[in-house]
Amino acid sequence: MSVLEAGVDYEALTAEALVAQVLRDSAGRNVCLTSSFQTEDMVVLHMLREHLRDVPVIFLETGYHFKELIAYRDRMVAEWGLNLVNAMPLTTLEEHEAKFGLLHIVQPTQCCQIRKVEPLMRSLEPFDWWFTGLRREQSPTRAGLKKVEDHKLPTGRHLKKVSVLADWVWEDVLKYAETHGIPELELYARGYTSIGCEPCTAIPEAGADARSGRWGGKKLECGIHTFSEKS
């Protein structure tokens with residue numbers, strides 16, 4: 001069933017209404033959330049857990065994360081009783097660096113493909129509905145984001161990608177998190193605005209878009225949201 005065939009104007013729905021509608025359309029089955037444990041993802045997770053307490057939460061365990069992010073992930077898993085799914089690369093970090101060296105420096109796109117994109121695409125195979133915390137405001141590469149899009153995985157499998165917060169601005173995210181008592185990852189207080197692997201994440205310059213501190217400004221996407229095809 002395509003977005004149009006569903007007979008629902010997803011774009012017109014508020015974030016909370018969109019979550020409820022998708023969970024009705026899916027009957028709560030084969031639904032997951034990809035989460036980097038940044039505030040957007042925690043907001044979407046909070047909304048999902050109002051309806052589906054054990055929603056699978058897919059986390060990309062690259063081996064390069066900030067220790068503060070891993071500590072926050074583990075804290076929230078414990079406090080919220082999350083159904084965490086660690087998407088693991090096919091090689092350990094030691095094997096990866098023995099083969100490629102510091103690939104994240106010389107070929108960051110290839111590094112992302114190996115340690116983020118491939119593990120995620122593999123982890124998404126069982127699911128039909130994929131929730132994300134993407135927002136149009138985050139960067140120019142996300143400006144045309146739809147709330148619900150049909151996507152095709154590299155294997156040819158189709159699923160629906162749901163960006164609940166597509167039309168939200170950062171102030172909306174902060175307000176929801178504060179209203180619902182969602183703890184904040186401490187890296188935000190240090191000036192980070194978009195947090196990925198530690199070697200590839202910097203504090204952006206004042207006034208720059210949220211993702212400008214990623215990969216030394218050489219690119220804005222790891223490939224997760226570009227390697228899978230819109231169909």
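Val148's amide H: which non-local residues (gap 5+, or another chain) put their own amide H closer than 5 Å, with H modeled 1.01 Å from N in plane and none for Pro or chain starts?
Ser163
Report the accessible area of Lys67, computed with a 1.4 Å probe over the heavy atoms of all protein chains in place, in Å² rounded to the nearest 10.
Roughly 150 Å² of Lys67 is accessible to a 1.4 Å probe.
Skipping prolines and chain starts, which residues have an amide H placed within reach, meaning under 5 Å, of the one on Ala202, given they are 5 or more residues away or on another chain?
Arg214, Trp215, Gly216
Roughly speaking, what is the stretch gain from Ala189 to Ala20, that is 0.36 nm per residue apart minus the C-alpha to C-alpha distance, in nm to one decimal?
Numbers: separation 169, 0.36 × 169 = 60.84 nm, distance 3.22 nm.
So the extension gain works out to 57.6 nm.
Which is the longest run of the chain containing none of the GluC sites (Glu not before Pro) found in DSSP loop states (not H, G, I, E, B) with at most 15 other C-beta atoms within 10 Å? Before the final figure, lay out the partial values.
Numbers: sites that count: Glu5, Glu50, Glu184, Glu205.
In the chain, the maximal stretch lacking such sites is 51-183.
Give me a comma-separated list of calculated 3J(HN,Hα) values for segment 64-76, in order, Karplus coefficients 6.51, -1.76, 1.60 applied at θ = phi - 60°, integers in Hz, x for any Gly or Pro.
My calculation for segment 64-76 gives 10, 6, 4, 5, 5, 5, 4, 5, 5, 3, 5, 4, 6 Hz in order.
Step by step: find N for segment 151-197, compute 2.2 N^0.38 Å, then divide the Cα radius of gyration by it. What's the final number?
On the way: Rg = 15.4 Å, N = 47, 2.2 N^0.38 = 9.5 Å.
Working it through for segment 151-197, the quotient is 1.62.
Per residue, how big is the convex hull of segment 117-172 when only Cα atoms are used? Give it in Å³.
88 Å³
Hey, what number do you get for the chain at 222 nm if only DSSP H runs of n ≥ 4 count, each worth -39500 (n - 2.57), divided across all residues, to the nearest 500?
-9000 deg cm²/dmol
First select every other residue whose beta carbon is under 13 angstrom from the beta carbon of Arg73; then total the charges, Lys and Arg +1, Asp and Glu -1.
Working: positive: Lys67, Arg75; negative: Asp41, Glu61, Glu68, Asp74, Glu79, Glu186.
Taking every Cβ under 13 Å from that of Arg73, the sum is -4.
Give me the percent of DSSP beta bridges within the chain that run antiparallel, rounded to the nearest 5. Intermediate values should be presented prior to the final figure.
Details: 9 of 23 bridges.
Close to 40 percent.
Nearest 5 percent is fine: what portion of the DSSP beta bridges confined to segment 92-217 is antiparallel?
On the way: 6 of 10 bridges.
Within segment 92-217, antiparallel bridges account for around 60 percent of the total.
Principal axis lengths of segment 1-99 from Cα atoms, whole Å, largest first?
Computed over the Cα atoms, the extents are 52, 31, 21 Å.
Treating only the Cβ atoms of Lys and Arg (+1) and Asp and Glu (-1) as charged, compute the dipole magnitude of the chain about its Cα centre; round to the nearest 20 debye.
Working: 27 positive and 33 negative charges, 98 e Å.
Dipole magnitude for the chain comes out near 460 debye.
Amide H neighbours of Val85 under 5 Å, counting only residues 5+ apart in sequence or on other chains, H built in-plane at 1.01 Å?
Val57, Ile58, Phe59
Using a 1.4 Å probe, how large is the accessible area of Cys32, given in Å² and rounded to the nearest 10?
0 Å²
Hey, what does the equivalent ellipsoid look like for the chain, semi-axes from the Cα gyration tensor as sqrt of 5 times each eigenvalue, largest first, whole Å? Can you show the working numbers first?
Values: eigenvalues 139, 87, 64 Å².
In descending order the semi-axes read 26, 21, 18 Å.
With the dipole of the chain worked out from charges on the C-beta (+1 for Lys and Arg, -1 for Asp and Glu) around the Cα centre, which of Cys200, Pro119, Val85 lies farthest toward the positive end?
Towards the positive end, the residue furthest out is Pro119.
The values are calculated or read from the model by the stated rules, or taken from the named source; none is laboratory data. Please read these numbers as outputs of a predicted model, since none were measured by experiment. Here Cβ is always computed from backbone atoms with ideal geometry, including for glycine, and neighbour counts include all displayed protein chains. Remember, those area values only see protein heavy atoms, side chains included, never the ligands or the DNA or RNA. Shrake-Rupley method; radii C 1.70, N 1.55, O 1.52, S 1.80 Å.
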